[in-house]
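**Q** Have a look at the structure that comes next, please.
Each value in this text was obtained by applying a stated rule to the coordinates, not by laboratory testing. Everything quoted here is computed from the prediction, not taken from an experiment. A quick note on method: Cβ atoms are made from the backbone with ideal geometry, for glycine too, and the neighbour counts reach across all protein chains shown.
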Amino acid sequence: MPDQDTGDTPTDTTDDPKPTATDTDASAEAEKWKALARKHEAQAKANADAARKLAELEDADKSEAEKAAKRIADAESKALAAEQRAMRLEVAAAKGLTPAQAKRLVGDTAEDLAADADELLASFPAPSTEPPRTPPAGKPAEDLRPGNGDPDTPVEETDIKKLGERMFSS
């Protein structure tokens, strides 16, 4: 039986410096997508400019009454926010909360804020009014006991003047 070619021939593995058709196709495809991306970026910039111009034209077309109504609405919202902030601070001061705790109060009315303040105080008890103990600065007290655990053990004298007086007083 003659040898038949089954298609199991090894592929050529030599280094070919020439680009293959797939490399050229991939490069051309990449360039196509880059050009398309640049085109869309330019369109997006043009659309943004058009939107800005449209907003300017709409603002120019508004009547003075519409502009005044917008200013009034903005002022009312700022006033409402200021009233809420003032009410929150008043309740916090009445309940003895810190400014950090006052920021966390939630509610629309003074009663709601007061109830929230009571819950907050119940959750976090007030800090003690006793000042924190700080170690004394400078030289330690002279009547210290040795660290051997026996408080009745006499302390060995280390003051040179007292040792000298004791030595020469006999």
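**Q** What is the calculated FRET efficiency for S123 to E76, with r their C-beta to C-beta distance and R₀ = 45 Å, to the nearest 0.05?
**A** Working: r = 35 Å, r/R0 = 0.77.
After rounding to 0.05, the efficiency reads 0.85.
**Q** Sorted from fewest to most neighbouring beta carbons within 10 Å, what does the list L57, L105, L120 look like?
**A** The most exposed by this proxy come first: L57, L120, L105.
**Q** Arranged by the count of other C-beta atoms within 10 angstrom, fewest first, what order do R133, R85 take? Kindly include the intermediate steps, with their values, before the conclusion.
**A** Working: R133 5, R85 12.
Exposure proxy ranking, most exposed first: R133, R85.
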